[in-house]
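Encoded as structure tokens, the structure appears first; notes follow it.
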Amino acid sequence: MNIRHLTVLSGVLLLLLSVPTLAAEVATYTAKGKATSHSKIDQAYNIGSISLGDKIIHNLQAALDPENLPDEFKTADIIPIKSATPFILEAQRNWELLSPAQKSQVSAYLYRPVLDSTYISPDGYFYIHYNISFPDSTPIEDLDESGVPDYVERVAVYADSAHRYYQGYQGYFPPPPDADGHYDIYLVTLGYAYGLTAYDMPGDSAWSDYTSYIKINCNMAYIVYENQDPEGDVIGALKVTSGHEFFHATQFAYDAYEELWWLECTATANESVLFGDVKDNYQYLPEFFNYPDSSLTSGPYYCYGVFVWPLYLINAYDSLIIRTIIEYTRFYDILASIDSALAPYDTDLTRAYPEFTLWNYFTGDRDDGNHYFYGADYPHMPWDQIVADYPFEEINPVTAPDGLGCNYLVSHPGTTEPDGILKLAFDGAEPTLWGFSYILFEGDEIIEVPACEIDMYGRTFAGVYDYARYDSMVFMPSVVSYYDEGHLYDFLTEILPLGDMNGNGEVNLSDILYLINFIYVDGPGPIGGDYTADVDCDGKGNLSDILYLINSVYNQGPKPCLYRPD
């Protein structure tokens with residue numbers, strides 16, 4: 001049936017539920033250090049000059065109704081907001097903490113609007129509600145002379161594409177249906193925001209699924225960021241907003257109370273997969289890449305740049321791993337869900353996150369084609385320190401990393417040091433859970449060590465055999481613990497003699513026993529790797545090396561030599 005317009009008879013007031021406060025999840029919606037309305041609101045709340053309820057109201061005003069924002073929170077610049085969903089969820093999740101007057105104010109933003117027209121999407125799944133007349137009127141351009149504005153038709157087509165991709169191709173649950181079985185998208189004035197998704201009524205599952213609806217700005221022309229869509233910025237913004245917000249609706253089929261950083265970074269990642277030519281999310285990459293010491297959870301704006309985290313998981317493991325994680329979030333917290341999804345790959349967050357920090361080195365002109373598909377387009381991670389040469393004495397972080405943050409350090413070999421093994425001695429402060437990765441560069445050759453073993457005290461002792469051959473080394477200490485800021489560590493390097501199997505700085509009986517255990521009892525490998533065991537340089541680690549080492553230690557025989565394979 002070709003129905004172009006349906007009159008909407010009534011609006012439905014949003015049902016709001018009581019849940020524990022999650023106000024801390026919404027931090028500054030801004031680039032670090034740049035004063036915006038949301039950063040000013042956040043600062044005022046943190047120093048106690050406004051209440052939680054006022055913070056919620058002002059955050060909504062800053063995003064959706066900037067004209068009514070108090071003057072002290074206004075800024076001269078218009079800063080478009082990718083999604084107002086975090087601020088909507090902040091209000092919904094803290095509803096019972098609001099006063100009656102505050103609830104009345106917030107309710108003005110939390111409702112299904114009554115608009116004069118409805119268009120059914122080509123696939124028949126979406127109802128696109130819009131206005132022909134003022135207010136909330138959409139652009140009237142109708143190039144195909146269908147009687148429906150092109151703006152409306154585009155939203156319908158892009159939403160259908162998202163539905164076919166998420167539910168059809170990737171196999172996500174559909175959002176719990178409304179009574180009419182269709183999903184509602186409302187085109188309305190949204191201030192500086194591209195769009196938002198609000199949950200509505202509980203679903204019928206055993207987990208926290210909810211019905212929902214989407215609002216998309218009815219005229220993006222005056223707020224849109226530049227993007228790379230070949231059809232233009234406004235069309236690009238409509239594409240990614242449709243994909244982004246419908247992924248939120250999809251997330252609400254699993255857990256409407258999931259942590260905001262995860263909701264936002266995965267929605268941003270999926271919009272980039274769905275509409276890869278737009279690259280609207282590139283504008284958020286500097287926020288993430290300029291501050292590697294900050295946590296993945298550092299507020300919604302920062303988390304838009306964190307879309308590289310789910311992209312890493314997709315590229316390193318499986319195209320459906322995000323769906324698997326989200327399926328687990330019905331019953332577990334997000335970190336446990338990530339660990340559960342990684343278990344079939346014989347890994348977990350303690351190894352995947354350090355590997356992620358290594359991937360993030362290979363961006364821009366460092367891209368080697370083996371990591372992110374668009375890695376050459378991404379910025380560089382900045383150095384926390386450049387160490388002149390190694391070995392180097394104990395160093396500490398200049399900017400200590402937060403939970404799920406990291407540092408990048410680079411060093412070069414000394415020119416007068418003897419042949420040997422470079423011992424990397426990292427000691428992270430307890431009780432933090434640490435990760436440690438490093439990269440070795442020799443000309444065009446790159447050796448990646450993505451996740452060293454870290455003991456229960458936050459220590460790792462790795463060894464680099466024949467260290468002087470490398471042009472440089474990059475070290476990435478990372479914090480796998482979730483919370484807290486400014487985690488400290490000590491890191492130093494020292495030269496070990498050839499034949500030092502256990503890394504204690506000497507060659508003696510303990511190394512002979514260590515080598516015997518390694519060769520015959522499948523014991524742990526030498527600290528410098530398997531080449532360390534080849535003390536006679538015949539290309540093998542076997543009995544002759546044990547005898548050679550005994551002769552060297554007890555009979556003043558020749559010292560272990562440096563084996564360099566062709």
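Here, each number is a calculation from the coordinates, and none is a lab measurement. Since the model is a prediction, treat every value here as computed from it, not as a measurement. FYI the Cβ positions are ideal-geometry reconstructions off the backbone, even for glycines, and counts take in every protein chain you see.
Here the spin labels are modelled as points 7 Å beyond Cα on the Cα-Cβ line, and at Q43 and R164 they lie 4.8 nm apart. Estimated from the Cβ-Cβ distance and a Förster radius of 25 angstrom, the FRET efficiency linking K559 and F461 is about 0.65. Calculated mean residue ellipticity at 222 nm for the chain: -8500 deg cm²/dmol, from DSSP H runs with n ≥ 4 weighted as -39500 (n - 2.57), summed, divided by the residue count and rounded to 500. Straight-line cross-link partners of K423 among the lysines, defined as a Cα under 22 Å from its Cα and at least 8 positions apart when in the same chain: K559.
Placing unit charges on the Cβ atoms only, positive for Lys and Arg and negative for Asp and Glu, gives the chain a dipole magnitude near 1260 debye about its Cα centre. Which one of S340, Y374, P497 is farthest out on the positive end of the charge dipole of the chain, using unit charges on Cβ (Lys, Arg +1; Asp, Glu -1) and the Cα centre as origin? Of S340, Y374, P497, it is S340. Using +1 at the C-beta of Lys and Arg and -1 at the C-beta of Asp and Glu, which of F426, V410, Y390 has the Cα lying farthest in the positive direction of the dipole of segment 359-445? Looking along the dipole axis, the top candidate is F426.
What separates the Cα centres of segment 56-91 and segment 140-179 is a distance of 27 Å. Potential lengthening of the chain between E485 and D180 amounts to 105.0 nm, from the contour at 0.36 nm per residue minus the alpha-carbon distance.
Sparsely packed loop sites in segment 114-172 (the GluC sites (Glu not before Pro) outside DSSP H, G, I, E and B with at most 11 other Cβ atoms within 10 Å) comprise E141, E145. Taking max minus min of the alpha-carbon positions on each principal axis, the chain gives extents of 98, 52, 43 Å, largest first.
Placing a label point 7 Å from the Cα of S472 along the Cα-to-Cβ direction, the residues of segment 377-412 whose backbone N falls under 15 Å from that point are 380-390, 408-412.
For the pair segment 502-566 and segment 236-270, the centres of their Cα atoms are 55 angstrom apart.
Over all other residues within a Cβ to Cβ distance under 12 Å of L549, the charged ones net out to -4, with Lys and Arg as +1 and Asp and Glu as -1.
With R₀ set to 45 Å, the beta-carbon distance separating E442 from L509 gives a calculated FRET efficiency near 0.85. Between the alpha-carbon centres of segment 198-215 and segment 306-384 there is a gap of 28 Å. The order of the peptides 545-554, 391-400 by mean Cβ neighbours within 10 Å, most packed first, is 545-554, 391-400. A Förster radius of 25 Å, combined with the Cβ-Cβ distance separating Q228 from D123, puts the computed FRET efficiency at roughly 0.40.
The GluC sites (Glu not before Pro) found in segment 426-531 that occupy coil by DSSP, while having at most 15 further C-beta atoms within 10 Å, are E453, E485, E506. Loop-located GluC sites (Glu not before Pro) in segment 202-257 (DSSP state not H, G, I, E or B) with no more than 15 neighbouring Cβ atoms inside 10 Å: E226, E231. Subtracting the Cα-Cα distance of E96 and A429 from their residue separation scaled by 0.36 nm leaves 115.9 nm. Spacing of the modelled spin labels on A376 and D419, each 7 Å from Cα toward Cβ, amounts to 4.0 nm.
For the pair Q283 and D538 in one chain, pulling the backbone fully straight at 0.36 nm per residue adds 86.4 nm over the alpha carbon distance.
Of K103/K239; K74/K279; K40/K279; K55/K82; K82/K215; K40/K239, which sit over 23 Å apart, Cα to Cα? The answer is K103/K239; K74/K279; K40/K279; K40/K239. Look at the dipole of segment 28-106 built from charges on Cβ: of P66, T85, A44, the Cα furthest out on the positive end belongs to T85. Put in line by how crowded their Cβ is, counting other Cβ atoms within 10 Å and starting with the fewest, D536, D255, D348 read D348, D536, D255. Put a dot 7 Å past the Cα of S205, heading toward its Cβ, do the same for E67, and the two dots end up 4.0 nm apart.
Close amide H contacts of Y172 (hydrogens built in the peptide plane, cut-off under 5 Å, sequence separation of 5 or more or a different chain): Q167.
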